[in-house]
Amino acid sequence: MPMSERASGDRGPALLTAEDLREISSDDAHRYELDAGRLVIREAAGHRHGRVTAELYAPFVGYARVAPAGEVVRSRLVFS
């Protein structure tokens, strides 16, 4: 049932589903997440965050290339 048709009643706002999250329009300035059915809006990571992440990530990649210790991967869950 779409968010617009769901009644919240006296128990506070209605909880959202993954389907509801897909219906929310997104932009590059914010990230939208669900936490136990509640919508959480965060500022999207910016340039500084990307630089810090790269600085932390690079040594692990270098080590994984020379040591038989496995591999290093990054992931990001995106709804499309």
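The values are calculated or read from the model by the stated rules, or taken from the named source; none is laboratory data. This one's a predicted model, so the numbers in the text were calculated from it and none came from an experiment. Glycine gets a Cβ as well: all are built from the backbone with ideal geometry, and neighbour counts include every protein chain shown.
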Which number in (1) out of contact with any helix residue (DSSP H, G or I) (no Cβ under 6 Å at 6 or more places or on another chain); (2) at pLDDT 70 or above marks the one condition that residue 76 misses? (2)
List pairs: first residue in region 22-51 and on the phi < 0 side of the Ramachandran plot and surrounded by 10 or more Cβ atoms within 10 Å (Cβ to Cβ), second residue assigned to a loop (DSSP other than H, G, I, E, B) and among the hydroxyl-bearing types (Ser, Thr, Tyr) anywhere in the structure, Cβ distance under 7 angstrom, at least six positions apart or on different chains. 32/26
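If you go through region 28-76 one residue at a time, how many are part of a loop (DSSP other than H, G, I, E, B), acidic (Asp, Glu) and under 13 Å from the mean Cα position of the chain (by Cα)?
Going through region 28-76 one residue at a time, the tally reaches 1.
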